[in-house]
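Remarks on the structure that follows.
The values are calculated or read from the model by the stated rules, or taken from the named source; none is laboratory data. Computed from a predicted structure; not experimentally measured. Note that each Cβ is placed from the backbone with ideal geometry, even for glycine, and that neighbours are counted across all protein chains shown.
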């Protein structure tokens, strides 16, 4: 494969900026500085988007009979209509057994007609071999013939617990890992090469979206497993709590896939001089490097992909040393460097750099930075949801409610408490609190809702159809509107 080209600087690239909570900090003592390294993707024109390969893995077990399967088929037909000839679609269905209904197929007019016939003939089956269906869908990405699209995704939809094949979470995740990072031996060419990963064979980590329905008490699913599957795949877990949300949830997911502008984002954070990194809140593995004096001064975070207009905010805590004199024009306290693969231009974008400047002087610090305060509130909300759910799962509802209630109290007292974004965070926490009034409510709806909201705020990507517009872009909104017609 030819080496990827290196892009020149462009206003259409992902933007990188750094912000401190305050513009100035007292000079005579060590200070804790909350900060953000923020990414903002550019708006893209839909006509210029990259081709996509989508493998839909659909649960057609007995619990999907009736309105659910009918709506899934209708939604798949909607997906077919939105794809272009440069895109490819594959369908894997499963019950007790696993079926490849059609392999990755270009969406020409003739092929669209054929796939629609196949989709319309889908019928419900028996049990739920979730692992078998998921693995077959991932194999379709790895083993497909022809030129592979730069954006590839597996969409898994299920409404039930795995009760056939590999059923336990670790077993399913292990099967995924085998396909995500297969061994390469000798001169054997890897089955899939990403131009921005130095020739390593793997399925892009940002390729797995899990859509899950939970429609009544008797139709359960393991949301912890599905969240783990989507997280390992770098995607998101959609909790669909009513049948009529199936088309809009698919549309939201499709709108995101069709607006991916960058992949394999790698962000380096470096504390400069005597400053050190105290904490990094990223919801991604952080690779740390220590300085000779034992302090943490450098880390790297792999952020997966980014869609048009999306934002990623890494919240940081820095330790600023005491200084002897006022430093109105102090040098940088932190430096952030971003590299990624621009799929629209098929080029590597290396070393986009931003620096954090802070002044040191005594006196008033001024108002708190809005971006830093809001993103710290997001981190607090996501952490509270993550901590509350296992407590509720153990029957400790009072303790779980306290965790969420304490987070609400912190957000209500923050400088940005009345902003639309922070009011939405508070509403999500309060709705989660309402779902913990009883074990019945928690098991029926609360667990899935809390897990879904925890993930959406952790990764800053929509995964639940409601009235909130945070983490939406124009592509997602447009496809959601189309799905309602």
Open item on the list: Under 9 Å between Cβ atoms, which residue pairs at least 6 apart in sequence (or on different chains) link something in region 6-27 that is more than 30 Å from residue 363 (Cβ to Cβ) with a partner that is exposed (fewer than 15 other Cβ atoms within 10 Å of the Cβ) and modelled with pLDDT under 95?
Closed with: 6/350; 7/350; 12/43
TODO: Evaluate region 321-335: report whether one residue or more is within 21 Å of residue 454 (Cα to Cα), surrounded by fewer than 22 Cβ atoms within 10 Å (Cβ to Cβ), modelled with pLDDT of 90 or more and not assigned by TED's automatic domain parsing to the domain that holds residue 79.
DONE: no
Task: So residue 248, is it in a loop (DSSP other than H, G, I, E, B) and either at pLDDT 85 or above or surrounded by 20 or more Cβ atoms within 10 Å (Cβ to Cβ) (or both) - done: no
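Condition check ((1) more than 22 Å from residue 372 (Cα to Cα); (2) in contact with a strand residue (DSSP E or B) (Cβ under 8 Å, 6 or more places away or on another chain); (3) in contact (Cβ under 8 Å) with a residue 12 or more places away in the chain; (4) assigned to a strand (DSSP E or B)) across all residues:
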site: 255; (1), (2), (3), (4): yes, no, yes, no
site: 262; (1), (2), (3), (4): yes, yes, yes, yes
site: 269; (1), (2), (3), (4): no, yes, yes, yes
site: 279; (1), (2), (3), (4): no, yes, yes, yes
site: 283; (1), (2), (3), (4): no, no, yes, no
site: 288; (1), (2), (3), (4): yes, yes, no, yes
site: 299; (1), (2), (3), (4): no, yes, yes, yes
site: 313; (1), (2), (3), (4): no, yes, yes, yes
Open item on the list: Just to be sure I understand, how many residues within region 334-347 are over 27 Å from residue 19 (Cβ atoms) and part of a strand (DSSP E or B)?
Closed with: 1
Task: Criterion: crowded, with 22+ Cβ neighbours inside 10 Å, part of a helix (DSSP H, G or I) and in contact (Cβ under 8 Å) with a residue 12 or more places away in the chain - qualifying residue of 401, 376 - done: 376
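Tally time: how many residues in region 52-78 are touching a strand residue (DSSP E or B) at 6+ places or on another chain (Cβ under 7 Å) and part of a loop (DSSP other than H, G, I, E, B)?
1
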Open item on the list: Which count do you get for residues in region 422-458 that are assigned to a helix (DSSP H, G or I), over 24 Å from the mean Cα position of the chain (by Cα) and more than 25 Å from residue 376 (Cβ to Cβ)?
Closed with: 6
- [ ] Would you tally the residues in region 21-63 being under 30 Å from residue 128 (Cβ atoms) and either surrounded by fewer than 20 Cβ atoms within 10 Å (Cβ to Cβ) or modelled with pLDDT of 95 or more (or both)?
- [x] 1
